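Colleague: So that we are looking at the same thing, I have put the structure below in structure tokens.
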Protein chains: 2
Amino acid sequence: MSKRSGSLLVGQSGGPTAVINQSLVGIVEAARGRAEVRRVIGARRGIQGLLEGDLVDLSAEDPAHLERVASTPCAALRSVRKKPSEAECGRALERLAELDVRWFCYIGGNDTSETAHLLAEAADRAGYELGLIHVPKTIDNDLEVTDHCPGYGSAARFVAQAVMGDNLDNRSLGGVKIDVIMGRHAGWLTAASLLAKRFEDDGPHLVYAPEVEVDPDTFERQVVEVYQQYGRCVVAVSEGIRAPAGRTWYESDDVDQHGNMTLSGSGALGDVLAVHVKRALARIGVEKERVRADTFGYLQRAFVGCTSEVDALEAREVGRRAVGYALDGGPDGTVVIERRPGPGYAVDYRLAPLESVAGHTRLLPEAYLLGPGRIDPSFCDWLRPLVGALPDVARLHDLPLGS
Amino acid sequence: MSKRSGSLLVGQSGGPTAVINQSLVGIVEAARGRAEVRRVIGARRGIQGLLEGDLVDLSAEDPAHLERVASTPCAALRSVRKKPSEAECGRALERLAELDVRWFCYIGGNDTSETAHLLAEAADRAGYELGLIHVPKTIDNDLEVTDHCPGYGSAARFVAQAVMGDNLDNRSLGGVKIDVIMGRHAGWLTAASLLAKRFEDDGPHLVYAPEVEVDPDTFERQVVEVYQQYGRCVVAVSEGIRAPAGRTWYESDDVDQHGNMTLSGSGALGDVLAVHVKRALARIGVEKERVRADTFGYLQRAFVGCTSEVDALEAREVGRRAVGYALDGGPDGTVVIERRPGPGYAVDYRLAPLESVAGHTRLLPEAYLLGPGRIDPSFCDWLRPLVGALPDVARLHDLPLGS
């Protein structure tokens, strides 16, 4: 396989991240450095663009301009959410053959690795020589095998800076503030809010990941406890917060109001939680307190100017490595990041089988889950290198007036 | 008056901003440089702290530490929303006399200038010598007289970076995205979203300020028009969007659902607008398109790491000047910023009467208002110097595939 030559195709799929174009540019620059690659083709909207012939030539893009594209958030090739049917896989293969594409690097998350897997199987069945590498990205960090996923560090940085600000805001004016954070099944991003804590009484005071069921009564009690202790409370809540069997966060009215309960891109969950908090405060006789909910929404993955440097470098490198894995004749697979043991932060890259990622969701390790609302602070030791140094914030010393 | 000596009191009031502590530190450092000022006292939670004796000594804070506080968003002295009664003004004066406070610099917005005005009148009536200077801050930029207000530039920067990201996200995956932006009465912050535009087809495609009434039918028609042109649409909407007399944005059900319709700190308005868009798309046969709404909420005023340098410098200088105005025996007043005419950006500071600010709301000038959904792009020329250079973003050239 290593002697073949042809075109290399690249596409982007799924929800964008702040560094998804770093991987794209990593692929383009590595592919340009290889004589076997006659042309680097971009499929706009991933598999959709391949099927429709919506393709662009990436070989001729100017390197300095590509550098600017690399540091721009969100999919420069546009993105798509599409799982191809068997018939579409067949048509995709025909297109690849017409274009003499011998390598396909598909940047995306869990669903994208599944599409890559389907295509790889179809190519095998058809006897078409195709090197297929999945280039991981997700702000949710829920891919198996890898230590962490490109895109996550920058989103975690956004969440940390946002909750730092929210904690300061809440300290200024008091009350209860609820922040709804992305991650429907896994609490990696919600737990990143813990980086916002500087002082013992800083928020987030409670952090609800979807891995731990929480009863609405427990939620209300925990918020009231913090409020009674500090006169304020900052709550970080995953959009996937789960109630135990038989309980629900949404009364039927709420579900009807908000239609299909889209979790991000809607303020519905935050509003429901705020109603719970107001009710709980009313029970202890607090009637007019400020209770607010913000849903961080799409800013978490798209905000311009809040990128983790380590995340950007790793996303770039994952793209570069993908080309090496594809061209050097090894098996298909997904690029994973391994953290070296020991002090300091260093990583290695390797290829893992597509099946090890496709269709799986990696949850927060149990060791970090201390029960409803509680994440072990040691999670921050794991996370900090991925996010980088956060902006400095300071308090007054509140020196007492002398005489 | 210029010969007197005594203590200088400072407080913070109203909603926080990213640079409100720059003004605080500007006051402290200028006051320390003046021999007449025997002590700089901070009232925690503004007038509330004065009334309750919740006071701290700012004279003894270390300058290097104060520099760190200056660059920290949100009120380091904590804040309050409180209009004192006449009796409370009387008690506040007693406290000031006990502490030998001869100058009070009160940092805040419109309501705060009103409180300053009430206190100044009470001091006059009581014959108590008190120099009272209002130090303006507001992310809404709705104070009269001043060219612009400290706090606004940084919030505008956040909105610009957020909508830049949202435009890229929307370009990646298509559909309609609604961003709800703070500013209940004035569209200054919503209009700042226009800075996000780089290319002709970039969002925000529609910008709804509260100054221009918009009929729900018109809103739906405008969104559909943009969607049909670009296959996507980014809409920036003020939380104070207004319907003409007899029409409303909320059907009775919506109002019931969300109680008192808090505009920020709730996703209610965004969700209502999303329902309008879905309905409008359904009418043209588009059923399953992505329609999402994010409410930027409190991040606009509190986010850590998104401060405008010019805004920070001006907020600091406004604080410094306030001390000069207070101590040099002139009248009470509010510090205003005047932009020098001509090319380049330069400002002067002067004092304006408290009455000229208190109780007024400055709206976007009519010259910028081109009708529903439309703000004149020349607004960006006025705004750009306040926000500073934004992060670079770039697109691929989308070069066609050769043969």
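Colleague: What value, in deg cm²/dmol to 500, does the helix sum -39500 (n - 2.57) over DSSP H runs of n ≥ 4 give at 222 nm once divided by the residues of chain B?
Modeller: Taking each H run of at least 4 residues, the total per residue is -11500 deg cm²/dmol.
Colleague: Which of A:G26, A:G267, A:G319 ends up with the largest GNM mean-square fluctuation for chain A, with Cα atoms connected below 10 Å?
Modeller: So, out of A:G26, A:G267, A:G319, the one fluctuating most is A:G267.
Colleague: Considering only protein heavy atoms and a 1.4 Å probe, what is the carbon-and-sulfur percentage of the accessible area of segment B:360-399?
Modeller: Carbon with sulfur: 57 percent of the solvent-accessible area.
Colleague: Moving to a separate point now. If you draw the axis that swings chain A onto chain B, which residue of A has its Cβ closest to it, and how far is that in whole Å?
Modeller: With distances in whole Å, chain A gives A:G267, 0.
Colleague: Nm distances between the label at B:H65 and the same-position labels in the remaining copies, 7 Å along Cα→Cβ, shortest first?
Modeller: Here the equivalent label points are 5.4 nm apart from this one.
Colleague: Determine the relative contact order of chain B: mean sequence separation of Cα pairs under 8 Å and six or more apart, normalised by residue count, in whole percent.
Modeller: Relative contact order for chain B comes out at 22 percent.
Colleague: Quick one: with all protein chains in place, what share of the accessible area of segment A:164-221 is carbon or sulfur, to the nearest percent (1.4 Å probe)?
Modeller: 47 percent
Colleague: For Cα pairs less than 8 Å apart in space and 6+ apart in sequence, what is the mean separation divided by the residue count of segment B:276-348, i.e. the relative contact order in percent?
Modeller: Relative contact order of segment B:276-348: 13 percent.
Colleague: To continue, here is another question. On the protein heavy atoms, probe 1.4 angstrom, tell me the percent of accessible surface of segment A:1-130 carried by carbon and sulfur.
Modeller: 45 percent
Colleague: Got a sec? Charge dipole of the protein assembly as shown, +1 on Cβ for Lys and Arg, -1 for Asp and Glu; which of B:P136, A:I337, A:H185 is way out at the positive end?
Modeller: A:I337
Colleague: For A:C306, what accessible surface area do you get with a 1.4 Å probe? Give it in Å², rounded to 10.
Modeller: 10 Å²
Colleague: Sequence gap at least 6, Cα distance under 8 Å: using those rules, report the relative contact order of segment B:1-125 to the nearest whole percent.
Modeller: Contact order relative to length: 38 percent.
Colleague: So how much accessible surface do A and B hide from each other in total, probe 1.4 Å, in square angstrom to the nearest 100?
Modeller: Summing both sides, the interface buries roughly 6400 Å².
Colleague: Can you list, shortest first in nanometers, how far B:R38 lies from the same residue in the other copies, with each label 7 Å from Cα toward Cβ?
Modeller: From this label point to the equivalent ones elsewhere in the assembly: 9.0 nm.
Colleague: How many Å² of accessible area per residue for segment A:115-245, probe 1.4 Å?
Modeller: Result: 25 Å² per residue.
Colleague: Treating only the Cβ atoms of Lys and Arg (+1) and Asp and Glu (-1) as charged, compute the dipole magnitude of the protein assembly as shown about its Cα centre; round to the nearest 20 debye.
Modeller: 980 debye
Colleague: In the structure displayed, which of A:K197/A:K288; A:K83/A:K177; A:K197/B:K177; B:K82/B:K197 lie more than 29 Å apart, Cα to Cα?
Modeller: A:K83/A:K177; A:K197/B:K177; B:K82/B:K197
Colleague: Please report, for B:D124, the nm distances (one decimal) from its label point, 7 Å out from Cα along the beta-carbon direction, to the equivalent points in the remaining copies, shortest first.
Modeller: Those label-point separations list as 8.7 nm.
The values are calculated or read from the model by the stated rules, or taken from the named source; none is laboratory data. Since this is a predicted model, take the numbers as computed values, not measurements. All Cβ positions, even for glycine, are placed from backbone atoms using ideal geometry, and neighbour counts span all protein chains on display. For the accessible areas, the whole protein counts, side chains as well, though only heavy atoms, and no ligand, DNA or RNA atoms are used. Shrake-Rupley method; radii C 1.70, N 1.55, O 1.52, S 1.80 Å.
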